[in-house]
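Asks: Take this structure first; my questions come after.
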Amino acid sequence: MGGMNWQVGVPLSNFTSWRVGGKAEFLALPRSVAELQAVLERSQGLPLTFLGAGSNLLISDRGIPGLVICTKYLRGVRFEENRVYVAAGEPLPKLAWQLAKRGWGGLEWAVGIPGTAGGMAVMNAGAQGGCAADCVVGVEVYTAAGERQWLDKADLQYSYRHSQLQGRNAIVTEVVLQLQPGQDPAFLVERTRQNYEHRHRTQPYHLPSCGSVFRNPPDYAAGWLIDRCGFKGYQLGQAQVSELHANFILNLGGARAREIYELMETIKLKVWEQWAILLQPEVKLIGDFSY
Ligand SMILES: Cc1cc2nc3c(=O)[nH]c(=O)nc-3n(C[C@H](O)[C@H](O)[C@H](O)COP(=O)(O)OP(=O)(O)OC[C@H]3O[C@@H](n4cnc5c(N)ncnc54)[C@H](O)[C@@H]3O)c2cc1C
């Protein structure tokens, strides 16, 4: 299976923010919906895995069988009345700045989230009081069979870091956002800058991570629970719990997915023992983690 946009045996560590992960059996990087359709046509029968910027993924060292489709090169932003039509691969930080400068309010919260628009819509990503569910009107998806569908916000059934798109065999190609045009760009840019600076003060951006590893359980911040168990700075192989924010695990250089996975299990066990709270991962685990 040759071809320009279909590669064989590609290390996915180059496609995740944690810089870990084994090989994709096949990897496709479509640059347009037409290319995506061509890829889907050739993929009949192969298991499919979807990737945006890979900023919320722990991919097994053993890699992923089948076809991995990465949507980060689907680009384009279109404005219509109070709606923005964003191709799935658009980087969120870039989009947040672009909208603020244009005087379109409503996405200033997203500036510190290093994912794509597609990944945001799937994860219901959020920060600083905002989240995808506040502004997503709906998404265009393609099914594995290559069929185009429109899913309304109601179909997505948004809740905390969750949507119906998770684990569904549909690939997001476009995200439609409803925002507030006609606002003062200087005000929006300032708010975006403050959000950006706050994030860089309170979270570690200097080493590879996936952002928050665990979901916040009701009533507590996961980072606080982990910190109170004494984990800040704790290291397993080349994976380390951040000194700055205990819900971040950093790759100090050359960490394996297995090390990160085992560190997560260690944290879960200790938090369970100390707090009787079972932490659930926010990061998506992909591939084989049976050790
Ligand atoms: C430093 C750092 C800070 C972060 N801060 C935050 C934060 O404040 N708030 C927050 O919510 N998250 C945060 N994250 C996590 C992450 O950025 C978000 O979850 C983001 O929405 C993921 O987008 P992505 O494009 O990287 O998706 P990926 O990680 O590539 O994928 C995430 C999920 O979406 C699916 N997916 C991605 N693209 C598509 C598509 N086109 N079609 C179908 N499925 C798709 C994948 O299969 C997977 O299940 C942070 C991460 C880092 C590294």
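The values are calculated or read from the model by the stated rules, or taken from the named source; none is laboratory data. Predicted model only: the values in this text are computed from it and were never measured. Don't worry about glycine lacking a Cβ; one is built from the backbone with ideal geometry, like all the others, and counts go over all protein chains shown.
For (1) of a type in the set (D, E, K, R); (2) in the same structural domain as Asp155 (by TED's automatic domain parsing); (3) under 27 Å from Gln7 (Cα atoms); (4) more than 6 Å from the ligand (Cβ to nearest atom), each residue gets a yes or a no:
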site: Gly52; (1), (2), (3), (4): no, no, yes, no
site: Tyr85; (1), (2), (3), (4): no, yes, no, yes
site: Ala100; (1), (2), (3), (4): no, yes, no, yes
site: Trp104; (1), (2), (3), (4): no, yes, no, yes
site: Glu108; (1), (2), (3), (4): yes, yes, no, yes
site: Ile113; (1), (2), (3), (4): no, yes, no, no
site: Gly118; (1), (2), (3), (4): no, yes, yes, no
site: Gly130; (1), (2), (3), (4): no, yes, no, yes
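Asks: Within region 75-88, identify whether any single residue is among the β-branched types (Val, Ile, Thr) and within 26 Å of Phe248 (Cα to Cα), and answer yes or no.
Replies: no
Asks: Let me ask another. Can you work out which of the residues in region 267-291 that are more than 16 Å from the ligand (Cβ to nearest atom) and charged (D, E, K, R) is nearest to Trp18 (Cα to Cα)?
Replies: Asp288
Asks: Check Gly182 against each of (1) away from the ligand (no atom under 12 Å from the Cβ); (2) part of a loop (DSSP other than H, G, I, E, B); (3) within 19 Å of Arg75 (Cα to Cα) and name the one condition it does not meet.
Replies: It is condition (3) that Gly182 fails.
Asks: Of all residues in region 162-196 being among the small types (Gly, Ala, Ser) and either touching a Lys or Arg at 6+ places or on another chain (Cβ under 8 Å) or surrounded by 14 or more Cβ atoms within 10 Å (Cβ to Cβ) (or both), which is farthest from Val283 (Cα to Cα)?
Replies: Among them, the one singled out is Ala170.
Asks: Which of the residues spanning region 200-226 are surrounded by 16 or more Cβ atoms within 10 Å (Cβ to Cβ) and assigned to a helix (DSSP H, G or I)?
Replies: Residues satisfying the conditions are Ala222, Gly223, Leu225, Ile226.
Asks: Then there is this: Could you say which residue among Val77, Val84 is buried (at least 17 other Cβ atoms within 10 Å of the Cβ) and modelled with pLDDT of 95 or more?
Replies: Just one listed residue meets the conditions, Val84.
For every residue, the table says whether it meets (1) touching a Gly at 6+ places or on another chain (Cβ under 8 Å); (2) part of a helix (DSSP H, G or I); (3) more than 22 Å from Val283 (Cα to Cα).
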| position | (1), (2), (3) |
| --- | --- |
| Leu67 | no, no, no |
| Lys72 | yes, no, no |
| Arg75 | yes, no, yes |
| Lys94 | no, yes, yes |
| Gln98 | no, yes, yes |
| Lys101 | no, yes, yes |
| Ala121 | no, yes, no |
| Asp134 | yes, yes, no |
| Val137 | no, no, yes |
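Asks: Then there's this: In this structure, is Pro47 touching a Pro at 6+ places or on another chain (Cβ under 8 Å), closer than 27 Å to Gln149 by Cα and exposed (fewer than 15 other Cβ atoms within 10 Å of the Cβ)? Please lay out each step first, then the result.
Replies: Values: touching a Pro at 6+ places or on another chain (Cβ under 8 Å): yes; closer than 27 Å to Gln149 by Cα: yes; exposed (fewer than 15 other Cβ atoms within 10 Å of the Cβ): yes.
The answer is yes for Pro47.
Asks: Okay, moving on. Residue by residue through region 147-179, note down the ones that are small (Gly, Ala, Ser), within 14 Å of the ligand (Cβ to nearest atom) and outside any strand (DSSP E or B).
Replies: Ser163, Gly167
Asks: Condition first: among the aliphatic types (A, V, I, L, M), more than 15 Å from the ligand (Cβ to nearest atom) and part of a strand (DSSP E or B). Can you find one or more residues in region 251-266 that meet it?
Replies: no
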